Amino acid sequence: MNVARGEIIDEEALIAALAAGKLRGAALDVYEGEFEHEPDRRLWDDERILITPHISGGSDMRQHRGINLFCDNLRACLDERPLTNVVDWANGY
């Protein structure tokens, strides 16, 4: 599942993994070049792939949760405490 940015997914590798049976499916709220063109037809036509119109965060509640998280992390940073939801680049999330 990718709801971040299309460019973080290697779409050729995704297509190959699906073809090889290594993945059963994927959900993409974004895809590479989404503001310039439609998705790769191999992704668009594959029944195992769900492509949504970049609205995964469309809820007003999510916006409030994001603001609360930012404020909590700002307070933690100012107080020199650990932050919440820090990306672990070694693990990829």
Practice item. Can you tell me which residue within the stretch 26-53, out of those that are closer than 24 Å to Val87 by Cβ and touching a Gly at 6+ places or on another chain (Cβ under 8 Å), is modelled with the lowest pLDDT? Key: Glu34
Review point. Is there a residue being of a type in the set (D, E, K, R) and loosely packed, with under 12 Cβ neighbours inside 10 Å anywhere in the stretch 23-31?
Key: yes
Review point. Would a scan of the stretch 3-25 turn up a residue that is modelled with pLDDT under 80, over 18 Å from the mean Cα position of the chain (by Cα), under 30 Å from Thr84 (Cα atoms) and not basic (Lys, Arg)?
Key: no
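The values are calculated or read from the model by the stated rules, or taken from the named source; none is laboratory data. Note that the structure is a prediction, hence the values are computed from the model and not measured. Every residue, glycine as well, gets a Cβ built from its backbone with ideal geometry; the counts of neighbours run over all protein chains shown.
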